Amino acid sequence: MAKDGRGSDGLRGLLRVPAGTPVDLSSYDTRATPGGPGHKAAGRAAVARMGKELAGLQERLWASSTAGDRRRVLLVLQGMDTSGKGGTVKHVAGLLNPAGCRIKGFKAPTAEEREHHFLWRVEKELPRPGELAVFDRSHYEDVLVPRVRALIPRTETDRRYDEINRFERLLADDRVTVIKCFLHISAEEQLRRLLRRLDRPDKRWKFSPGDIDDRALWPSYQQAYQTVLTRCATPHAPWYVIPADRKWYRDWAVARLLLEHLRALDPRYPRPDFDVAACRARLLGH
């Protein structure tokens, strides 16, 4: 969040990007821990404690869909390389029951995907009623990378921001709760993490020489993210800036945001459409 920011709506209020307000990422402290536990051990313990309630709410959401409840949740994770998208999936989505949970990572579009509208591949992976979907990267890749690398005209990029806003409005109208998290790390922290990947044999599989090329474009990517956060932060699909230099806080913040949204949904187990007492009597009678 901004260094001197405050909020009144739980962590959602603290980390939410105000709609219609220009975003300057240099005013966000990547090592801050707004609203969080005081230190790493406390943060890890808090995430573990959240696990039971998160899983319970997710189960209720999944169960409610059997009675016609169309509500579902889409958690979007965006950020520079090494910002911790995969780590967040592991430590937060790992708390959930795989039944009713959908995880999808988006890489560069395939030849087939490039033949379709840029939202085509995303629409196929949207959560169904009762599901909680986690996107490791998302439809925002199709405005970030093309803008930085000038793969399409700027007029086309500008048009895509508006298309994304309409797309997310339709999702909200169809009872999809959209939670968009930008995992915000510093250039210095990214360098440390990339070097660690090279230094450790068990981490080298995560490294790509292309990461160096993307790092050289750091200022352009920061500008591209500022534009996304400014133009696509809406009341129905807000962006949250997550300080991500401290991995423990990143995990805690995303887990807490997810918990607050699920609590607000307050899904309920469906009422049985049969006579419980009669069924019990029948079972005991055999």
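What follows is calculated from the coordinates using simple rules that are stated; it is not laboratory data. From a predicted model like this one, the values you see are computed outputs, not experimental measurements. Neighbour counts run over all protein chains shown; Cβ positions are idealised from the backbone, glycine included.
Remarks
- Of all aspartates and glutamates in the structure, those lying under 14 Å Cα to Cα from Lys40, and not within fewer than 8 positions of it along the same chain, are Asp245, Asp251.
- Alpha-carbon centroid distance for the pair region 100-149 / region 40-78, whole angstrom: 21 Å
- Helical contribution to [θ] at 222 nm, DSSP H n ≥ 4, -39,500 (n - 2.57), averaged over the chain, rounded to 500: -14500 deg cm²/dmol
- Residues listed by number, region 226-267, amide nitrogen under 20 Å from Asp162 label point at 7 Å toward C-beta: 227-237
- Between His236 and Arg44, the FRET efficiency from the beta-carbon distance, with R0 = 35 Å, is close to 0.60.
- Between helix 247-265 and the chain: long-axis angle, C-alpha atoms, 0 to 90°, nearest 10: 40 degrees
- Two-site FRET efficiency, Leu195 against Ala108, from Cβ-Cβ distance with R₀ of 30 Å, rounded to 0.05: 0.75
- Virtual paramagnetic centre 7 Å along Cα→Cβ of Glu123, amide N under 15 Å, in region 58-97: none
- Flagged links, alpha-carbon separation over 21 Å, of Lys107/Lys180; Lys180/Lys206; Lys85/Lys247: Lys180/Lys206
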